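Trainee: Right, I'll just put the structure down here and ask away after.
The values are calculated or read from the model by the stated rules, or taken from the named source; none is laboratory data. These figures come from a predicted structure and were not determined experimentally. Cβ atoms come from the backbone with ideal geometry, glycine included; neighbour counts cover every protein chain shown.
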């Protein structure tokens with residue numbers, strides 16, 4: 001009888017432990033970026049500022065973001081997540097903001113590739129906003145993990 005009880009307990013508990021193990025590996029990583037004209041490469045002459053907050057679900061690679069900005073030289077023509085790039089270097093866009101018009105605040109979600117998620121986690125992405133006065137970007141911020 002004890003042997004049968006052990007077999008039943010093992011059969012019931014093993015899948016539960018496996019599910020708990022999988023769930024334990026999923027995490028949410030939080031990010032932020034301070035958007036400033038001085039962070040553009042080269043730096044721009046603008047009083048515009050902004051802030052980005054984001055979270056990455058490491059199980060699904062879904063990035064959820066919220067961006068606020070103000071005092072730009074004009075309407076935003078484009079906005080992108082760029083990478084991979086260290087601070088002070090430029091890179092190609094990885095994710096474009098597709099809503100039009102682009103007004104503050106910007107909110108959205110996007111699923112990243114595993115390589116994109118790795119670069120983001122490694123601090124190799126930045127976000128910037130483009131205007132007609134500054135078509136290469138008016139304000140920019142390196143996206144970094146928060147504590």
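Trainee: Residue 98 - would you say it is without any contact (Cβ under 8 Å) to a residue 40 or more places away in the chain and more than 10 Å from residue 79 (Cβ to Cβ)?
Mentor: No.
Trainee: Let me ask something else. Being loosely packed, with under 12 Cβ neighbours inside 10 Å, part of a loop (DSSP other than H, G, I, E, B) and out of contact with any strand residue (DSSP E or B) (no Cβ under 8 Å at 6 or more places or on another chain) is the filter here; which residues of the range 103-147 pass it?
Mentor: Answer for the range 103-147, where residues must be loosely packed, with under 12 Cβ neighbours inside 10 Å, part of a loop (DSSP other than H, G, I, E, B) and out of contact with any strand residue (DSSP E or B) (no Cβ under 8 Å at 6 or more places or on another chain): 113, 147.
Trainee: Can you confirm whether residue 48 is over 16 Å from residue 142 (Cβ atoms) and either in contact with a helix residue (DSSP H, G or I) (Cβ under 9 Å, 6 or more places away or on another chain) or free of Cβ contacts under 8 Å to residues at least 24 places away in the same chain (or both)?
Mentor: Details: over 16 Å from residue 142 (Cβ atoms): yes; either in contact with a helix residue (DSSP H, G or I) (Cβ under 9 Å, 6 or more places away or on another chain) or free of Cβ contacts under 8 Å to residues at least 24 places away in the same chain (or both): yes.
The answer is yes for residue 48.
Trainee: Just wondering, is there one or more residues in the range 27-41 that are within 16 Å of residue 145 (Cα to Cα) and in contact with a helix residue (DSSP H, G or I) (Cβ under 6 Å, 6 or more places away or on another chain)?
Mentor: Looking for residues that are within 16 Å of residue 145 (Cα to Cα) and in contact with a helix residue (DSSP H, G or I) (Cβ under 6 Å, 6 or more places away or on another chain), one finds none in the range 27-41, hence no.
For (1) more than 13 Å from residue 137 (Cα to Cα); (2) surrounded by fewer than 12 Cβ atoms within 10 Å (Cβ to Cβ); (3) at pLDDT 95 or above, each residue gets a yes or a no:
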| position | (1), (2), (3) |
| --- | --- |
| 26 | yes, yes, no |
| 34 | yes, no, yes |
| 67 | yes, no, yes |
| 75 | no, yes, yes |
| 90 | no, no, yes |
| 101 | yes, yes, yes |
